[in-house]
1. For the range 4-30, name all the residues that are of a type outside the set (Lys, Arg), more than 7 Å from the ligand (Cβ to nearest atom) and at pLDDT below 60.
2. So, residue 118, is that one of a type outside the set (Ser, Thr, Tyr), within 14 Å of the chain's Cα centre (by Cα) and within 16 Å of residue 52 (Cβ to Cβ) or not?
3. Assuming residue 154 fulfils every condition listed in (1) part of a helix (DSSP H, G or I); (2) modelled with pLDDT of 95 or more; (3) closer than 23 Å to residue 42 by Cβ apart from one, which condition is it?
4. Among the residues of the range 154-185, write down those that are within 16 Å of the ligand (Cβ to nearest atom) and touching a residue at least 60 places away in the same chain (Cβ under 8 Å).
5. Please verify whether residue 80 is under 12 Å from residue 8 (Cβ atoms), within 12 Å of the chain's Cα centre (by Cα) and part of a helix (DSSP H, G or I), treating the condition exactly as stated.
6. Conditions first: (1) assigned to a helix (DSSP H, G or I); (2) closer than 27 Å to residue 24 by Cβ; (3) away from the ligand (no atom under 14 Å from the Cβ); (4) not hydrophobic (A, V, I, L, M, F, W, C). Residue 75 passes all but one, so which condition is the exception?
7. Of everything in the range 93-102, what is within 12 Å of the ligand (Cβ to nearest atom) and either part of a helix (DSSP H, G or I) or out of contact with any Gly (no Cβ under 6 Å at 6 or more places or on another chain) (or both)? Give them in sequence order.
8. Between 82, 105, which is surrounded by fewer than 19 Cβ atoms within 10 Å (Cβ to Cβ), touching a residue at least 60 places away in the same chain (Cβ under 8 Å) and more than 15 Å from the ligand (Cβ to nearest atom)?
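The values are calculated or read from the model by the stated rules, or taken from the named source; none is laboratory data. All of these numbers come straight from a predicted model, not from anything done at the bench. Don't worry about glycine lacking a Cβ; one is built from the backbone with ideal geometry, like all the others, and counts go over all protein chains shown.
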Amino acid sequence: MGAKVAIIGRPNVGKSTLFNRLVGKRLALVDDTPGVTRDRRPGDARLGDLRFTIVDTAGLEDADNASLEGRMRHQTEEAIVEADAVLFVIDARAGVTPLDAHFAEVARKTTTPVILLANKAEGKAGESGLYESFSLGLGDPIGISAEHGEGLSDLYDALKPLVDRIDEEEALAAAGAEVEEARTNIAVDEDGEP
Ligand code: GDP
């Protein structure tokens, strides 16, 4: 199983690019067509020696009615609830937008650990957006460039304790189940059953 990590954020911040970066898909596979609605799709992610499942949340930019915000909120909430950790992505070049703030409000209400990523931070163009993102109340941002593969060691440092904890919990649960099974077998033997 392993840890499940969800990528959250408004459309066009680079969620899909980050997803592809972490599952090692070629970046050319990013669909740049505006309005393409993606399903939430899990992928096997690797970052250094970390292995986890990554879930990209759909781009709903094509939804053109008043329910767009509600649908995004619902989908975001669902993804957060199902995840062991959340990568909350903003576009450091665009700065913090009202929609980012809206998403952040949803993310702040959860007990799931949230890692704030200021993407597109290569070069100097992302600097002010990175500092702006402190205001989201999601802790210190990590500047990354999903496209250029920068900032990934800082992301590793932030994710490692979370991924390790889930792996340890699962190993303990598996060991517990084995002990339970052994006990059951012994009990059956004592009853004289095969
Ligand atoms: P999503 O809608 O959040 O999944 O965003 P995408 O991954 O589709 O990316 C939106 C646009 O931002 C695309 O044109 C990407 O090439 C671009 N992009 C993604 N990551 C970076 C980055 O690190 N730096 C820059 N400059 N552009 C990026």
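1. Matches in the range 4-30: 27, 28, 29.
2. So residue 118 fails the test.
3. (3)
4. 155
5. Answer is yes for this residue.
6. Against the list (1) assigned to a helix (DSSP H, G or I); (2) closer than 27 Å to residue 24 by Cβ; (3) away from the ligand (no atom under 14 Å from the Cβ); (4) not hydrophobic (A, V, I, L, M, F, W, C), residue 75 comes up short only on (3).
7. 94, 99, 100
8. None of the other options fit; the residue is 82.
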